[in-house]
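Enquirer: Pasting in a structure now, in structure tokens, and then I'll have a few things to ask.
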Amino acid sequence: MEKIYTALGLMSGTSLDGIDASIVRSDGEKFINIEENQYYKYNDFFREQLKKFIKGCYDKEYIDKHNKVYNDLQKQLTLDHVEISKKIISNYGSKIDLVGFHGQTIIHRPEKGYSIQMGDAQLLSKILKQNVIYQFRQKDIDHKGQGAPLASIYHYNLSKKLNLSEPIIFLNIGGISNLTYINKNEIKSQDTGPGNVLMDEYIQKVKNQKFDKDGFIASTGKINKLIINESTKNDFYNTNEKHSFDKKDFNYSFIRGLNFEDAVATLTYYTAKIISDFLNEYNDTKKIVLCGGGRKNKTLIKHMENLTSKEIVNINDFGVDGDYIESQAFAYLGIRSFLKKKISFPQTTKVSQSITGGELVKNY
């Protein structure tokens with residue numbers, strides 16, 4: 001049996017709510033043990049500052065122009081990662097071998113040759129006194145890939161560990177949604193478009209609430225089918241060649257004029273329709289395994305069930321906490337990267353060849 005490594009994975013998603021942290025033991029292949037999961041909530045002031053910076057950032061030049069603000073935010077973000085890391089490692093009580101540090105995506109522009117994740121890996125390594133693997137996306141982009149989705153190889157080997165019947169699709173609904181199709185030794189992956197982003201941003205803007213808990217607001221509104229029909233003719237819906245997305249690729253302006261409940265209902269149905277259209281392309285797949293925060297939106301999932309006629313199940317039903325799949329994935333990818341194993345593939349990111357990725361900051 002290959003050596004088993006213990007890794008801490010850290011992930012902060014596009015919702016900007018905080019940091020997910022997971023400790024995973026693995027050989028970088030099919031042996032996977034999920035040891036610990038913890039969540040760290042960003043304080044409201046920092047979250048708003050980070051959100052404001054990301055909203056204004058449309059290119060690399062913006063970061064160069066606002067370098068001091070970027071560096072100040074990066075330092076605070078890294079110290080927040082230090083705090084949750086110390087807490088989860090202390091709770092675990094045993095030594096870890098490395099940290100898989102994703103950081104916070106500021107802008108994702110693979111077509112321009114970059115994807116920028118905020119986070120100071122050197123500072124994290126120095127304070128924690130740990131090996132840190134970071135910069136998971138850039139090597140893929142340098143080899144003509146999209147740098148996303150990256151969790152696919154973790155979904156694949158987790159499905160084998162759980163002995164799930166195939167073909168099967170893992171669907172992660174975070175700010176952006178993505179899917180991984182698994183059938184025997186075949187694996188395909190792609191972003192499918194908006195997940196929670198449109199619903200969350202609209203609700204935050206209008207009511208200063210973070211999200212629609214359980215999809216309750218959406219369940220009280222009326223779906224405007226005329227707007228849905230018009231919106232499905234827009235540029236996003238007809239950009240089939242797009243494989244990965246930045247949250248700035250989407251906006252909710254098409255529901256302007258609707259009352260609050262009807263707007264949320266329409267955005268929720270719109271999101272479900274986009275995801276469902278992608279799922280329906282996989283005719284051989286009857287079962288969808290849900291991960292990510294969007295799996296808790298009962299109205300969204302109900303729409304998807306009606307639009308796909310597929311069985312949609314929660315990954316929690318298999319004893320795995322769906323809130324932490326991505327942080328577990330970056331612990332796992334950290335191990336694979338450390339071992340120089342492949343982490344992205346032509347069928348998952350459109351990279352020109354299967355390659356490893358990530359950079360190591362060694363703890364001396």
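Bear in mind these aren't lab numbers, they're just calculated from the coordinates by the rules spelled out. A quick note: this is a predicted structure, and the numbers were derived from the prediction, not measured. For neighbour counting, all protein chains shown are included, and Cβ atoms are generated from backbone atoms with ideal geometry for every residue, glycine included.
Enquirer: Note down the magnitude of the dipole of the stretch 167-284 about its Cα centre, charges +1 on Lys and Arg C-beta and -1 on Asp and Glu C-beta and zero elsewhere, to the nearest 20 debye.
Expert: With only Lys, Arg, Asp and Glu charged at Cβ, the dipole is about 300 debye.
Enquirer: Classify the stretch 39-97 as rounded, prolate or oblate from the Cα gyration tensor: take a ≥ b ≥ c as the square roots of its eigenvalues, call it rounded if a/c is under 1.5, otherwise prolate when a/b beats b/c and oblate if not.
Expert: prolate
Enquirer: Which whole-number percent is the relative contact order of the stretch 48-143 (Cα, under 8 Å, 6+ apart)?
Expert: Answer for the stretch 48-143 is 28 percent.
Enquirer: Follow-up. If you line up the long axis of helix 298-308 against the longest principal axis of the chain, both from Cα atoms, how many degrees apart are they, to the nearest 10?
Expert: 80 degrees
Enquirer: Right, next: Which trypsin sites (Lys or Arg not before Pro) does the stretch 139-212 hold that lie in a coil by DSSP with at most 11 other beta carbons within 10 Å?
Expert: Those that pass, being in a loop and sparsely packed, are K184.
Enquirer: Do the alpha carbons of any pairs in K55/K362; K60/K302; K213/K342; K52/K112 sit beyond 29 Å of each other, and which pairs?
Expert: As for pairs spanning more than 29 Å Cα to Cα, those are K55/K362; K60/K302; K213/K342.
Enquirer: As a quick test, which of the pairs K75/K248; K161/K310; K75/K242; K248/K350; K68/K298; K225/K287 have an alpha carbon distance above 31 angstrom in this structure?
Expert: Where the Cα-Cα span goes over 31 Å, the pairs concerned are K75/K242; K68/K298.
Enquirer: Separate question: Quote the relative contact order of the chain in percent (integer), defining contacts as alpha-carbon pairs under 8 Å separated by 6+ residues.
Expert: Result for the chain is 23 percent.
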